[in-house]
Every structure is written in structure tokens, then in C-alpha cells.
1. What is the percent carbon and sulfur in the accessible area of the chain, measuring with a 1.4 Å probe over the protein chains and ignoring ligands?
2. Sort 145-152, 246-253 for me by packing, meaning the mean count of neighbouring Cβ atoms within 10 Å per residue, highest on top.
3. Which residue, chosen from GLY105, LEU175, THR93, occupies the Cα position most advanced towards the positive end of the dipole of segment 51-180, where the dipole is computed from +1 (Lys, Arg) and -1 (Asp, Glu) charges on Cβ about the Cα centre?
4. Label 7 Å along Cα→Cβ of HIS86; segment 112-141 residues with amide nitrogen under 13 Å?
5. Could you tell me the distance between the Cα centroids of segment 197-265 and segment 137-164, to the nearest Å?
6. Place a +1 charge on the Cβ of each Lys and Arg in segment 84-132 and a -1 charge on the Cβ of each Asp and Glu, then give the dipole magnitude about the Cα centre in debye, rounded to the nearest 20.
7. Rounded to whole Å, give me the distance from the Cα center of segment 37-81 to that of segment 87-126.
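The values are calculated or read from the model by the stated rules, or taken from the named source; none is laboratory data. Just so we're clear, the structure is a prediction, and the values are computed from it rather than from any experiment. As a convention, Cβ positions derive from the backbone with ideal geometry for all residues, glycine included, and neighbour counts pool all protein chains shown. Surface accessibility is based on the protein's heavy atoms, side chains included, excluding ligands, DNA and RNA. Shrake-Rupley method; radii C 1.70, N 1.55, O 1.52, S 1.80 Å.
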Amino acid sequence: MTQQRRIIVANWKANLPPGEEVALAGEIATGLAAQLATTAPHVIEVLLAPSHVGLVAVTSLLRREHPAIGIGTAAQDASATEVGAHTGESPATHLVGIADAVIVGHSERRRERGESDAIVGAKLARIVAAGLRPILCLGDDLIDGGERERAAALSNQWIAALAGAAGLGVDRTALLAAGLVVAYEPVWAIGSGRPATPAIASAAAAAIRASVGSDLPILYGGSVDADGAAAFLASRHDDGGRIDGLLVGGASLSASRFLGIIVATRSAASGR
Ligand code: 13P
């Protein structure tokens, strides 16, 4: 049986100072090395997303001390602006050679920083123009909503972000060619300790694929922990509802919990 490629991303948000991010990356790499000693490599892509201030240090540590483990890094955001006189900004081109991917449109940024779909779209365009892979977060706040309502909300978010990217000359084809990944992160599940059900995540994944018009990789994020991880990854494969990976917040701040999620992913991937 061919094994499906999984993507597991740790989003550390602004929880840890850089020194602790480096220490945590080292612990995760060491734990992963032990797992890889007994299982086939390359089935799971692991990405760590430290804070901007810790990103270079974490990437350096992984390349210097753990090059054989193949853990990559993702930035948690990139600027909508280009290189230039923009105090405090982090243009996407500055991330080239440092991060493998960039998270964009996280609901915390939409809510706390007022990021509109247009801004998210502009950021998407900058990320793609820089040659980086975007991980676009889409999510609804419809905890009691039905499947159709949720699908409509996700589709609207996608269409609006796409329009924002098109404003800077980056279209759907270019986004897909850049390896676009979408993370379905229901706002009500993030940090709540109450994840969406695998059925909700799967229906959302199918809706996103239908809206994008591509069988692109889709992750689920929102209160994921080791005991629930496998159920998301085992979700429907027949109608576009496949979940390819996980975007993990709180549980990724502990090496043992995050490694537990990777173990669960490994068994889901090998059908055990
Ligand atoms: P939690 O896993 O803490 O709910 O966070 C999810 C998230 O927002 C990942 O980007």
C-alpha cells in the first residue's frame, strides 16, 4: 500500500522566548531521531513554527545539530509589504533560505491584528512571489452551524483571499504551483480544549477542495492532542474529505505531547 504523505506543523505562537524555542526544537529532534530509528522516514513532514525572533536560531540548530532528521521550519506570518522603509515588518523575501513555509491568515491575526481577507491575500501573493510555500488558515466561527453554512463561510474566505492575491498578480494556478496548503482551523476549536469532530473537519476539507478546485493538502488545527490525532487522519478518503495533517498549537509546546501526535500520525499513515 502506498503511504500517504502527512504534514505535522507545530505553531508555537508567542508562547516561548527564543532560548526555550531552541531547547524545545532540540528535544523534538532527539525524540524524532529515536522514532525514525524504528520506522520508515519521509512519510511525515514535520515543520516547527517558532516566533519570528526565534526562527533563525531554531532553523540553525536543526541544520547544524540534526541535519539527518529532516525537520523543517515555518514562519508564523510574513508582511504584506515589500522590502523597504517599513519599520518592524518582515517581508517574505527575508524568509527565503530560513523558512520552508509560511503560515498566513491565522485567526488570531485576523482577530487581534484586524487582518482582512484582502491583507491575507496580499501576504499570500508576497509569499508565493518569494518562492515560499504558503499554509493558508481558513476557519469559521459557526460552532452550531450546519455543514452548508460552514462550507459557504470557508468558500467566501477563500474567494476573498484569492482576490487579494490576484490584486498583486498571483492567481490560483500560481498558488497551487507554490505548493499551497490549507489549514482548516475552526475559530471555536482553537485553544478551547474542544476539537472539531473528524466528521466536521472532513466535511470542511471537502468543501475547501471543492471551492479551490484542487485536491490540495489540507490540515486540521484546533485543540489537537495525541489521543485525537489519528481519528482526523483516518477521515474519509472518497469524496475530498481527506485530512493530510495537523496544525498543532498548545500540545506542540511539550516535546512529549508533540512526539505523541507524530507517533499517532505514523500509525494512522501505516494503517495500524
Ligand atoms: P491549539 O492546538 O492550541 O488549539 O491551537 C491551534 C492553532 O491555532 C494552531 O495554529
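1. 55 percent
2. Top to bottom by mean Cβ count within 10 Å: 246-253, 145-152.
3. So the residue furthest toward the plus end is THR93.
4. 119-130
5. The distance from the Cα centre of segment 197-265 to that of segment 137-164 comes to 17 Å.
6. Once rounded to the nearest 20, the dipole reads 80 debye.
7. Comparing the Cα centres of segment 37-81 and segment 87-126, I get a distance of 18 Å.
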